[in-house]
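Report on one structure; see the data block that follows.
Readers should treat all values here as calculations from the given coordinates under stated rules, not as data from a laboratory. Because the structure is a prediction, the values reported are computed rather than measured. Cβ coordinates were reconstructed from backbone atoms using ideal geometry, including for glycine residues, and neighbour counts include every protein chain displayed.
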Amino acid sequence: MKRFITLLFIFAATTFLFAQESATQEEPAQKTAAEEVVPHDGDIVGLWKTIDDETGDPKSYVRIYEKDGLYFGVIDSLIRKPDEDPDPVCDKCDKDDPRYNQRVLGMTILNDMEYDDGEYEEGTILDPKKGKVYDCKLWVENGNLQVRGYILFFYRTQEWFRVE
C-alpha cells in the first residue's frame, strides 16, 4: 500500500510539473543586432538564446550542431544574475550521468536529435539546474526554435531565439 501511495504521489507531482505549458512567453524587450531572429527554413544548426519558461528570463546560449546525421546542443555561454554562481556545476544530475558535478558551461544538453519531416525528435535534453533528463522534440516556428521536454504525455515547451 505504501508503494502505491508513493507511486501515486510521484505521478501527481509529475503531472503538476509537466502539464503546465507556459501560457505567455515574452520575447526579450531589447535585442542587439547580434541577437536578431533570422528564419532558416527549419535548419536548427547555429547559436540560440534560451529563455526560462518559468521566469521568462534569458538563461544561456546553446550552440546546436550536426554530427553523423544527429543533432546536439552545447551550452556556449551562461547569462547569470549577480547573485547566481557564475560557473555552476550539475550537482543535481544523476550520479550515474557522466555530467554529474561537471561544469555547466560547455556541457552537452541536447543529445541524438533526429530530423524527421520538419521536426527533430528521438533525442534527449538535460535541464542542468534540476539535473533531469527528458525526451525531447524540436521544431522551428516563426523563425524561433520550439524546445519541448517531456515524460510520457506531460511536457513543457520553451522558445529559443536564433542569434546571428
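Need the full-extension length gain, Glu141 to Asp91, defined as separation in residues times 0.36 nm minus the C-alpha distance. One decimal, nm.
Values: separation 50, 0.36 × 50 = 18.00 nm, distance 3.33 nm.
Full extension of this stretch gives 14.7 nm more.
Based on the mean of other Cβ atoms within 10 Å per residue, sort peptides 146-154, 48-56, 116-124, 79-87 so the most packed one is first. Write down the numbers at each step before the final one.
Details: 146-154: 15.9, 48-56: 17.6, 116-124: 14.0, 79-87: 8.9.
Per-residue mean Cβ counts within 10 Å order the peptides as 48-56, 146-154, 116-124, 79-87.
Do any of Lys81/Lys137; Lys67/Lys95; Lys95/Lys137; Lys49/Lys129 go past 19 Å between their Cα atoms, and which?
Check vs 19 Å cut-off fails for Lys81/Lys137; Lys67/Lys95; Lys95/Lys137.
How far apart, in nm, are two points set 7 Å out from the Cα along the Cα-to-Cβ line at Phe153 and at Glu54?
In this crude spin-label approximation the distance works out to 2.5 nm.
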